[in-house]
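Below is one structure, written out as structure tokens; comments come after it.
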Amino acid sequence: MTDTSFTPKFDTLVDVFDSATARYRDRPLFGEKRNGTWNWMTFAEFARDVADVRGGFAALGVNEKDRVGIIANNRSEWAIAAYATYGRNAAYVPMYESQHLKEWAYILRDCGAKLVIVANDKARDAILAAKAGTDDEGKGLPDLQHIVVLGGTSNIASSTPPADKDIAITWDELKKLGRDKPVASLRPTSADIAGFIYTSGTTGNPKGVKLTHKNIACNVSAMHEVFPMSTEDRSLSFLPWAHSFGQSVELHGLLSMGASMAIAESVDKIIANLSEVHPTLLFSVPRIFNRIYDGVNKKVEADSPLRRRIFRAAVANAALRKRLAEKKRSSGFADLKQKVFDRVVFQKIRDQFGGKLRYAFSGGAAISREVAEFIDNLGITVYEGYGLTETSPIATANWPGARKIGSVGKPIPGVRIEIDRTETNDPKNGEIVVFGHNVMLGYHGHEEENSKVFTPDGGFRTGDMGYLDEDGFLYITGRIKEQYKLENGKYVVPSPLEDQLKLSPFIANSFVFGDNKLYNVALVVPDMGALKKWAEQHGLSGEPATWLDNEKVNALYREEVDKHSAGFKQFEKIKRLKLIPEDFTVENGMLTPKLSLKRRVVLAKYQGELDKLY
């Protein structure tokens, strides 16, 4: 049964807002860099802007059960609009700026959005075209009545149909409407829908996950029980709030605890921003932690032999202390060395990330144990968790006093995990099924799909494969649908193998394949920076793209793949590989906005190359 002893601190997100803005009025909340300077908004200023926008929504006819869409990256206005929406007991529907127009139009049409907020004039004009039916789809947006432009104007292009000229206003105009006609917050119930989060999906149209106030507020309440933050804590926010991990865990969670969030300028400026805002917390997906791991190792390798030896000795000593601690033992000499190493080695590395980073929270996908232990050894404690959009998202987590590196932790308060081995026929691994307050209401308009993912007693079938150890810690071993069978009948789960290969400083990305084949092969995307340096040392000239067919380069990558697959089972080994120049990105459609690999898209493009490897 689900844990019935859990009593949530908050019933709705309006409760979260009221509590935080009353308690932490003068504390900084959001930091944004403008003209080279970080400017901070306080909780009181946030509350004022939410009230203005809530009033503006009311003036435009946004009422209970309506839907408000937003197409924008993380910014203070994103959060203001979210809490203004909750205060109208309407549902918030976020989208990514990086999505295509047809996905924006599909989502707005599917959820029946009455109003949409857009980042700029370009997005405004695209939505106007979709509403008029002059886009590729030609279906129109019959429910859409208003567009609010954040970083643009309300001036409409002359080509816009006359009937649509008056539906766009600016953010400032919206706020003025609210100041002129203020309204109090409506009080949603815990069962009311707080928002739709559309899963990006690797195939077909995205599905709208309906999350209630109870779903998200209980997730936030569980954070208070197992990992409370303080007003002195700060994150650098770069995980999109349009995704449930960034939204529930960082935005709602930190706001509820009086902590602050600096909003990163862009992904490529994360490291620079870290050194400017000095965060204590980092919320990220494994891809970013892999970059940190890779970057530190590359700097170490480029250093003098003496410095390399000191660094390796420091890491080895940190690992020794952890092994001793696991056995409830300690070493005075190792502790003494740790103090010296922390000052002369690890603190200098942490200074590159702002100097105050204490905790790193990893989610969205399984982080490599090697990477987690490496970052942990630097003095940044890694807490890995697990969940999906459909579970609001936290289902399990590691927390102080309950942590095992390599696991994704224990179920959070009020949540229960079961392992269903029906499909795997494995004595240990099975599908992870989640029960509790965090399980979504369902997919919007997909009753047939709902019947597939819910168990008769209300559990959610995650599609993920894993097991529980004797202490109740969950381990993820892959995706049920990703799993394929070799000709010899052995089952292979490719994603953990790919993650291991990507630990090579020479490999930016990889794709393992072997469905119904004799053995596994791989597509490998070289890290061009590392390869270029190696090529210079080995006398290669010409364009980097021409190196991928070079015999020496292929020998290098064969050696790297063999080295980083040493721990694979024999049948999982990579027999042949193909170097490809193009990375898998959101822009080329091979990654989802949350950076999950779209395996079918990769297969569609490279099936011919993979077949040649056999």
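Being more than 17 Å from PHE17 (Cα to Cα) and either in a helix (DSSP H, G or I) or charged (D, E, K, R) (or both) is the filter here, so list the residues in region 173-193 that pass it.
GLU173, LEU174, LYS175, LYS176, LEU177, GLY178, ARG179, ASP180, LYS181
Those residues that are assigned to a helix (DSSP H, G or I) and within 31 Å of the chain's Cα centre (by Cα), I need them from region 526-549; list them, please.
MET528, GLY529, ALA530, LEU531, LYS532
Given the structure, is THR7 buried (at least 21 other Cβ atoms within 10 Å of the Cβ) and either touching a residue at least 24 places away in the same chain (Cβ under 8 Å) or over 21 Å from SER237 (Cβ atoms) (or both)?
no
Can you pull out every residue in region 96-110 that is farther than 15 Å from GLY138 by Cβ, surrounded by fewer than 22 Cβ atoms within 10 Å (Cβ to Cβ), under 23 Å from the mean Cα position of the chain (by Cα) and in contact (Cβ under 8 Å) with a residue 40 or more places away in the chain?
Within region 96-110, TYR96, SER98, GLN99, GLU103 qualify.
Among (1) touching a helix residue (DSSP H, G or I) at 6+ places or on another chain (Cβ under 6 Å); (2) closer than 30 Å to GLU560 by Cβ; (3) part of a loop (DSSP other than H, G, I, E, B), there is one condition LEU518 misses while meeting the rest; what is its number?
(1)
Restricting attention to helices (runs of 4 or more DSSP H) lying wholly within region 238-303, give those where 2 or more residues are surrounded by fewer than 24 Cβ atoms within 10 Å (Cβ to Cβ) and touching a helix residue (DSSP H, G or I) at 6+ places or on another chain (Cβ under 8 Å).
Because the criterion is at least 2 residues that are surrounded by fewer than 24 Cβ atoms within 10 Å (Cβ to Cβ) and touching a helix residue (DSSP H, G or I) at 6+ places or on another chain (Cβ under 8 Å), the helices (runs of 4 or more DSSP H) in region 238-303 that meet it are 270-277, 286-301.
Pairs only if they're at least six apart or on different chains, beta carbon under 6 angstrom, first in region 593-614 and under 30 Å from ALA72 (Cβ atoms), second among the basic types (Lys, Arg); list them, first residue then second.
Short answer, once both residue conditions are applied: LEU595/ARG287.
If ALA44 satisfies all but one of (1) at pLDDT 95 or above; (2) out of contact with any Leu (no Cβ under 7 Å at 6 or more places or on another chain); (3) under 21 Å from LEU115 (Cα atoms); (4) small (Gly, Ala, Ser), what's the number of the condition it fails?
Only one criterion is unmet by ALA44, namely (3).
Within region 478-500, is even one residue part of a strand (DSSP E or B) and over 30 Å from PRO411 (Cβ atoms)?
yes
Mind listing whichever residues of region 70-95 are under 23 Å from the mean Cα position of the chain (by Cα), among the small types (Gly, Ala, Ser), part of a helix (DSSP H, G or I) and surrounded by 24 or more Cβ atoms within 10 Å (Cβ to Cβ)?
Scanning region 70-95 gives ALA79, ALA81, ALA82.
Inspect region 321-341 for any residue being touching an Asp or Glu at 6+ places or on another chain (Cβ under 7 Å) and in a loop (DSSP other than H, G, I, E, B) and give the result as yes or no.
No: zero hits.
If a residue has to be touching a Gly at 6+ places or on another chain (Cβ under 8 Å) and under 29 Å from ASN398 (Cβ atoms) to count, how many in region 479-497 make the cut?
Result for region 479-497: 8.
Sort out which residues of region 222-239 are within 20 Å of the chain's Cα centre (by Cα) and among the polar types (S, T, N, Q), and write them in order of number.
SER235, SER237, listed by residue number.
Which ones in region 580-592 are over 15 Å from LYS502 (Cβ atoms) and touching a residue at least 24 places away in the same chain (Cβ under 8 Å)?
PRO581, GLU582, VAL586, GLU587, THR592
Only one residue in GLY401, GLY436, GLY430 is of a type in the set (Gly, Ala, Ser) and in contact (Cβ under 8 Å) with a residue 60 or more places away in the chain. Which one?
Only one candidate qualifies: GLY436.
Can you tell me which residues in region 34-63 are of a type in the set (Lys, Arg) and surrounded by fewer than 17 Cβ atoms within 10 Å (Cβ to Cβ)?
Within region 34-63, ARG34, ARG48 meet the criteria.
Looking at this structure, is VAL116 in the same structural domain as GLY140 (by TED's automatic domain parsing), among the hydrophobic types (A, V, I, L, M, F, W, C) and free of Cβ contacts under 8 Å to residues at least 60 places away in the same chain?
So VAL116 passes the test.
Does PRO279 satisfy the criteria of being closer than 30 Å to SER244 by Cα and at pLDDT 95 or above?
Yes.
Taking the options LEU486, LEU518, LEU523, name whichever one is over 30 Å from LYS552 (Cα atoms) and either touching a Ser or Thr at 6+ places or on another chain (Cβ under 6 Å) or hydrophobic (A, V, I, L, M, F, W, C) (or both).
LEU486
Consider only pairs whose beta carbons are under 6 Å apart and that are at least six residues apart or on different chains; among these, list those whose first residue lies in region 32-60 and is of a type in the set (A, V, I, L, M) and whose second residue is not in a helix (DSSP H, G or I).
Matching pairs, first to second residue: MET41/LEU29; MET41/PHE30; ALA44/ARG25; ALA58/VAL183; ALA59/LYS181; LEU60/HIS146.
Output the number of residues of region 439-468 satisfying the condition of being free of Cβ contacts under 8 Å to residues at least 12 places away in the same chain and part of a helix (DSSP H, G or I).
5
If we keep just the residues of region 213-230 that are touching a strand residue (DSSP E or B) at 6+ places or on another chain (Cβ under 8 Å) and outside any helix (DSSP H, G or I), which is nearest to VAL277 (Cα to Cα)?
MET229
Which residue is nearest to ALA272 (Cα to Cα), if the candidates are limited to region 304-358 and must be surrounded by 13 or more Cβ atoms within 10 Å (Cβ to Cβ) and among the acidic types (Asp, Glu)?
Here the residue is ASP351.
State whether the residues of region 369-388 include one that is under 19 Å from the mean Cα position of the chain (by Cα), assigned to a helix (DSSP H, G or I), farther than 30 Å from ARG321 by Cα and not small (Gly, Ala, Ser).
no
Collect the residues in region 411-429 that are in a loop (DSSP other than H, G, I, E, B) and under 16 Å from CYS218 (Cβ atoms), keeping them in residue-number order.
Across region 411-429, the qualifying residues are ILE412, PRO413, GLY414.
Taking region 359-398 as the search range and keeping residues that are in contact with a Gly (Cβ under 8 Å, 6 or more places away or on another chain) and either among the charged types (D, E, K, R) or more than 22 Å from ILE476 (Cα to Cα) (or both), which one is surrounded by the most Cβ atoms within 10 Å (Cβ to Cβ)?
GLU384
Could you check region 528-581 and list, in sequence order, the residues that are among the acidic types (Asp, Glu) and either closer than 21 Å to LEU518 by Cα or touching a helix residue (DSSP H, G or I) at 6+ places or on another chain (Cβ under 9 Å) (or both)?
GLU560, ASP562, GLU572
The values are calculated or read from the model by the stated rules, or taken from the named source; none is laboratory data. All of these numbers come straight from a predicted model, not from anything done at the bench. Don't worry about glycine lacking a Cβ; one is built from the backbone with ideal geometry, like all the others, and counts go over all protein chains shown.
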